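The structure appears right after this line, and notes come after that.
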Amino acid sequence: MALLVLCTIFALQSEFFLSERNLTTILRNSVDLGIVCAGMTIVIILGGIDVSVGGILAVSAVLIGRAYQVGMPDWVVVPVGLAAGALLGALNGVIISKSRVPPIVATLGTMYVYLAVLFLVIGGVWISGLPSSLSFLVLGDVAGIPSGALLLAAVYVFAWLLLRRTPWGQRVVAIGCDETAARLVGIRVDRTKIQAYALLGLFAGLAAVLYVARMRNVEVNIGTNIALEAIAATILGGANIRGGVGSLVGALMGVLFIKITQNGLVLIGVSSLWETVVIGSLLVVVLVIDAIETRRAG
């Protein structure tokens, strides 16, 4: 209903909003965030959170850019990005599970480390002029459907099957509902946490591959807002910030809500500076409503 109301408002305000070109643009711009949000949803259902995911995406993109610059082929570059993301995500999981540091504190610290690595590697200068050999992954289409949208759908089908149709997914939900009880029944909580954060990192690495494929450069401010947007989309989609509850379909709708909001604001002439204000305000409103409903249920 919220998406329908939002689209109606922007359609009435701008004649270009419902054009095929603009709708295709929204889909293509949703791919990076949507892929990251699939992993973020699983981590939040687990009872965790990761504010360093933008840094993971940035470091993965830098490594992809450097790999291209030294002449590595696509079949090496893509695994480099994926492996970098998975390893950095697993590092977050190790820190959180072994040190018992709250996830938001641990990932806030690693976020600054990852961003520092980014600036040290690129020295504040963009990596540009990268090849376009992977552009078809985002800018191409299959039977008129953007290839990025098909890839996004494949990621969500995989994540849904993993979360809802495997014992591992059941363990994730159990830990998010009650970590102490999960330990008492024999679930290997630490290992599951590391795996979940590694999966989020893997998705961030994939998002980095697609970002480089689309933009053909790596900016110094890459990934700045993606953590906020991914968390906001997951919460807007019905996930409980305390864990145990979440929906991948809802998260995907949250991604579309955010990207449609950003696109519509530009079309009606509102400054892009308001995008973060709107998204942050929506996140606060949803969290307040969730807290009120939780108290009522209690």
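Descriptive notes on the structure:
- Residues of region 99-108 classified as free of Cβ contacts under 8 Å to residues at least 40 places away in the same chain and on the phi < 0 side of the Ramachandran plot, total: 5
- When residues in region 45-80 are screened for being farther than 15 Å from residue 226 by Cβ, under 16 Å from the mean Cα position of the chain (by Cα) and in a helix (DSSP H, G or I), 1 of them pass.
- In region 183-211, residue farthest from residue 130 (Cα to Cα) [restricted to those that are among the charged types (D, E, K, R) and surrounded by fewer than 18 Cβ atoms within 10 Å (Cβ to Cβ)]: 183
- Residues that are surrounded by 24 or more Cβ atoms within 10 Å (Cβ to Cβ) and of a type in the set (Gly, Ala, Ser) occur at least once in region 97-109.
- Test result for residue 112, modelled with pLDDT of 95 or more and in a helix (DSSP H, G or I): no
- Candidates 264, 280, 269, filtered to the one that is in contact (Cβ under 8 Å) with a residue 24 or more places away in the chain, over 24 Å from residue 172 (Cα atoms) and surrounded by fewer than 17 Cβ atoms within 10 Å (Cβ to Cβ): 280
- Residue check for residue 118: farther than 30 Å from residue 178 by Cβ, in contact (Cβ under 8 Å) with a residue 12 or more places away in the chain and under 17 Å from the mean Cα position of the chain (by Cα): no
- When residue 147 is tested against (1) under 17 Å from residue 195 (Cβ atoms); (2) among the hydroxyl-bearing types (Ser, Thr, Tyr); (3) surrounded by 13 or more Cβ atoms within 10 Å (Cβ to Cβ), just one condition goes unmet, and that condition is (1).
- Residue among 241, 235, 226 that alone is more than 13 Å from the chain's Cα centre (by Cα) and either surrounded by 24 or more Cβ atoms within 10 Å (Cβ to Cβ) or closer than 22 Å to residue 193 by Cβ (or both): 241
The values are calculated or read from the model by the stated rules, or taken from the named source; none is laboratory data. Just so it is clear, the model here is predicted, and its values are computed rather than measured. For neighbour counting, all protein chains shown are included, and Cβ atoms are generated from backbone atoms with ideal geometry for every residue, glycine included.
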